[in-house]
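Just so it is clear, none of the values below were taken in a lab; they were calculated from the coordinates. Quick caveat: nothing in here was measured; it's all calculated off a predicted structure. Neighbour counts run over all protein chains shown; Cβ positions are idealised from the backbone, glycine included.
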Amino acid sequence: MIMLRLILTPGLFAAVVAAVIVTAPPALAQDKGTLHPQPLPPLANPNDPHLAAKQLFGRELAPAKLAPSSIGFYAKGCLAGAEELPIDGPTWQVMRLSRNRNWGNPALIAFLEKLAAKAHKLGWPGLLVGDMSQPRGGPMFTGHASHQIGLDADIWLTPMPNRTLTRMERENMSAVQMVRKDRLDIDPRVWTPEHLKVIRAAAEAPQVERIFVNAAIKKALCREATGDRHWLSKIRPMYGHDYHFHIRIKCPAGSAGCEPQTPPDHNEHCAPKDFAYWFSDAVLHPRPPKVPPKPRPPLTLADLPAACRTVLHAR
């Protein structure tokens, strides 16, 4: 997810949301709960230069057998030598297994395993891990603009149950909505001090570059954080993060082609002016545009770093 401050009209905001929240075509769906995703139908012309890159990377079921490397930017790149996060760990479980998105740079895998153990010690039962990256990264069929280079991970704000979830439960259960109906604050019926602890534990890790949450969650963190508050500078509001928080780690060693995120400043971003945009009527109650704008063309293989062609075709 690229951090750009856009001045959106109400109509344009609605169009952006509509463009991001899309549904997978039936032909691309996998059996729910599967641990063994099936190959999707072959493309009529995989060498078409106008073909969306998501059609290519979304069909790869295994990682490229290359040295681990995150290539390009978080929203415009790919992943070599990916490692799979086991679907069950002592303090985590992976959700939505049929998506086959529990892959990442080995640095991300190591970080998540360490975070899960630390969060458990802080009183969090365990992490429910959502989308990370595809086996070779790259653009996804649905759901994300980022998560392309194996350095992003979504962590549910629902604590892990004290049992192993079935495959169908992992597909069908919903994460808990953490934001109040008026969108101006967290829901006190579900928000707990442990939520702050687990987000803080992630943000304090030196390898974490950003954490994206709903603005109401950022507001709660600003209000409730005590002691050293420097970690709040990494927490940034973002659309669509009512149920989970999105972790983004820095470019790791060995990824010379990785394009870093701008480092966070030293500002907590907790002043009223920092929330003015997010709590404006245009954002909270967007109106549909009179004339829907034309959708932005999808990324093609040529739009990605040149090394992504090697990643895509490695066998």
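Quick notes on this structure:
- Using C-alpha pairs below 8 Å separated by at least 6 residues, the relative contact order for the range 72-286 is 20 percent.
- Projected label distance in nm at ASP281 and ASN267, using a 7 Å step from Cα toward the beta-carbon: 2.7
- Reciprocal mean inverse distance between Cα atoms of the range 33-169 - Kirkwood radius, Å: 15.5
- Space enclosed by the convex hull of the alpha-carbon atoms of the range 250-312, per residue, Å³: 158
- Largest-first principal axis extents of the Cα set of the range 165-315 (Å): 50, 46, 42
- Of the trypsin sites (Lys or Arg not before Pro) found in the range 34-113, those in coil by DSSP whose Cβ has at most 12 other Cβ atoms within 10 Å are LYS65.
- Column: log10 I(q)/I(0), Debye, Cα scatterers of the range 132-214, q = 0.12, 0.15 Å⁻¹: -0.50, -0.79
- Per-residue ³J(HN,Hα) for the range 269-281, Karplus 6.51 cos²θ - 1.76 cosθ + 1.60, θ = phi - 60°, Hz, x for Gly and Pro: 6, 10, 6, x, 5, 6, 10, 4, 5, 5, 9, 6, 4
- Protection proxy ranking of 281-291, 131-141 - average other beta-carbon atoms within 10 Å, highest first: 131-141, 281-291
- Summary of the geometry: the range 29-81 and the range 154-196, compared by the centres of their Cα atoms, lie 29 Å apart.
- Radius 12 Å from Cβ of PRO159, net charge of other residues (Lys, Arg +1; Asp, Glu -1): 0
- Sites ASP185 and THR310, calculated FRET efficiency, Cβ-Cβ separation with R0 51 Å, nearest 0.05: 0.60
- Scaling against 2.2 N^0.38 Å puts the C-alpha radius of gyration of the chain at 0.98.
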